[in-house]
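A.B. asks: Following this message is one structure expressed as structure tokens.
The values are calculated or read from the model by the stated rules, or taken from the named source; none is laboratory data. As the structure is a prediction and not an experimental result, all values here were calculated from the model. Methodologically, a virtual Cβ is constructed for each residue, glycine included, from the backbone with ideal geometry; neighbour enumeration extends over all protein chains shown.
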Amino acid sequence: MMPEPMRLVVAVSGNGTTLQNLIDRIAAGRLCARIVGVISSRGDAFGVQRAQTAGLPVVVLRRRDFPTLQAFSDAFFAQCRQWHAELVCLAGFLQKLQIPPDFVQRVLNIHPSLLPAFGGQGMYGHFVHEAVLRTGVSETGCTVHWVDDEYDHGPILLQKRVPVLPDDTPERLAHRVFRAECEAYPEAIEWVIQQHRQQGTPTPFSGPTQGS
Ligand code: GAR
């Protein structure tokens with residue numbers, strides 16, 4: 001019998017390239033998961049259009065419509081429960097969340113650097129790659145980690161390393177890192193699925209880190 005696909009909620013704030021990668025992987029039969037809903041923190045995010053094109057349910061939750069971070073997080077996870085999410089994947093989602101007890105180690109994030117380097121508030125997208133180039137490091141990469149109540153923090157599941165080349169621009173570097181992200185996120189999710197099958201529950205995890 002085919003195993004049941006894991007029920008994912010994907011959260012976006014922007015372009016949705018990470019969401020698209022997951023949609024494509026699932027459609028190609030390369031990830032045993034089902035996206036049961038998409039939460040966007042912006043109504044005008046291109047990620048919303050990508051979700052609609054793929055026929056996925058979308059809910060927009062804007063931080064400014066909630067008086068407190070707690071109220072925003074409550075609405076976010078109430079929606080996840082309504083969709084019976086087993087795993088939440090942040091995909092370029094730029095809002096902080098307070099993780100309720102039933103979602104501890106059930107929320108994943110991908111970040112375009114080797115955390116803890118180049119993480120934290122304001123460190124997203126091109127800002128990360130610009131900072132990497134300014135610093136002059138010879139290596140960067142991406143990190144998949146469990147989300148806790150701090151930005152870009154929480155136990156690391158997997159990292160992939162990417163070289164920084166002498167003639168890199170932020171765009172070129174972003175492209176190279178994103179290629180690594182497209183492998184790292186599905187790999188990490190697949191690992192969670194395997195753990196879930198073995199243990200009957202997606203918690204607790206503290207997966208191995210690895211190079212590219
Ligand atoms: C990805 O590079 C992801 O690592 C980054 O946003 C990009 C995806 O955006 N996330 C962060 O920087 C989180 N701190 P998109 O899916 O909207 O294109």
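A.B. asks: Do any residues in segment 147-159 that are β-branched (Val, Ile, Thr) have Cβ atoms under 6 Å from those of residues that are in a strand (DSSP E or B) and surrounded by 20 or more Cβ atoms within 10 Å (Cβ to Cβ), where the two are at least six apart or on different chains, and which pairs are they?
C.D. replies: VAL147/VAL107; VAL147/ASN109; ILE156/THR143; ILE156/HIS145
A.B. asks: For the list (1) closer than 23 Å to TYR124 by Cα; (2) away from the ligand (no atom under 16 Å from the Cβ); (3) of a type in the set (Gly, Ala, Ser), I need the number of the one condition that ALA45 fails.
C.D. replies: (2)
A.B. asks: Got a sec? Which of ARG34, ARG7 is in a strand (DSSP E or B), surrounded by 15 or more Cβ atoms within 10 Å (Cβ to Cβ), of a type in the set (D, E, K, R) and at pLDDT 95 or above?
C.D. replies: ARG7
A.B. asks: I would also like to ask the following. Filter segment 40-72 down to the residues that are part of a loop (DSSP other than H, G, I, E, B) and among the hydroxyl-bearing types (Ser, Thr, Tyr), then identify the one that is nearest to GLU150 (Cα to Cα).
C.D. replies: THR68
A.B. asks: Just to be sure before I move on: is ASP24 among the acidic types (Asp, Glu), within 14 Å of the ligand (Cβ to nearest atom) and free of Cβ contacts under 8 Å to residues at least 40 places away in the same chain in the structure I sent?
C.D. replies: In short, yes.
A.B. asks: With part of a loop (DSSP other than H, G, I, E, B), under 23 Å from ILE23 (Cα atoms) and within 16 Å of the ligand (Cβ to nearest atom) as the only criterion, which of PHE93, PHE118 stands out?
C.D. replies: Within the list PHE93, PHE118, the selection yields PHE93.
A.B. asks: Can I ask one more? Yes or no: TYR151 under 18 Å from the mean Cα position of the chain (by Cα), among the hydroxyl-bearing types (Ser, Thr, Tyr) and assigned to a loop (DSSP other than H, G, I, E, B)?
C.D. replies: It is true that TYR151 is under 18 Å from the mean Cα position of the chain (by Cα), among the hydroxyl-bearing types (Ser, Thr, Tyr) and assigned to a loop (DSSP other than H, G, I, E, B).
A.B. asks: Among the residues of segment 119-145, write down those that are under 25 Å from SER73 (Cα atoms), crowded, with 23+ Cβ neighbours inside 10 Å and of a type outside the set (Val, Ile, Thr).
C.D. replies: HIS145
Matching residues to (1) within 25 Å of GLN105 (Cβ to Cβ); (2) touching a Lys or Arg at 6+ places or on another chain (Cβ under 6 Å); (3) within 16 Å of the ligand (Cβ to nearest atom); (4) of a type in the set (Phe, Trp, Tyr):
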position: ALA33; (1), (2), (3), (4): yes, no, no, no
position: SER40; (1), (2), (3), (4): yes, no, yes, no
position: ARG63; (1), (2), (3), (4): yes, no, yes, no
position: ALA71; (1), (2), (3), (4): yes, no, no, no
position: ALA78; (1), (2), (3), (4): yes, no, no, no
position: GLU86; (1), (2), (3), (4): yes, yes, no, no
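A.B. asks: Taking the stated definitions as given, is ARG50 under 21 Å from ILE189 (Cα atoms) and surrounded by fewer than 18 Cβ atoms within 10 Å (Cβ to Cβ)?
C.D. replies: no
A.B. asks: Still on this structure: Got at least one residue in segment 142-153 being more than 16 Å from the ligand (Cβ to nearest atom) and modelled with pLDDT of 95 or more?
C.D. replies: There is no residue in segment 142-153 that is more than 16 Å from the ligand (Cβ to nearest atom) and modelled with pLDDT of 95 or more.
A.B. asks: Could you figure out which of (1) surrounded by fewer than 23 Cβ atoms within 10 Å (Cβ to Cβ); (2) outside any loop (DSSP other than H, G, I, E, B); (3) touching a strand residue (DSSP E or B) at 6+ places or on another chain (Cβ under 6 Å) isn't true of ARG25?
C.D. replies: Every condition holds for ARG25 apart from (3).
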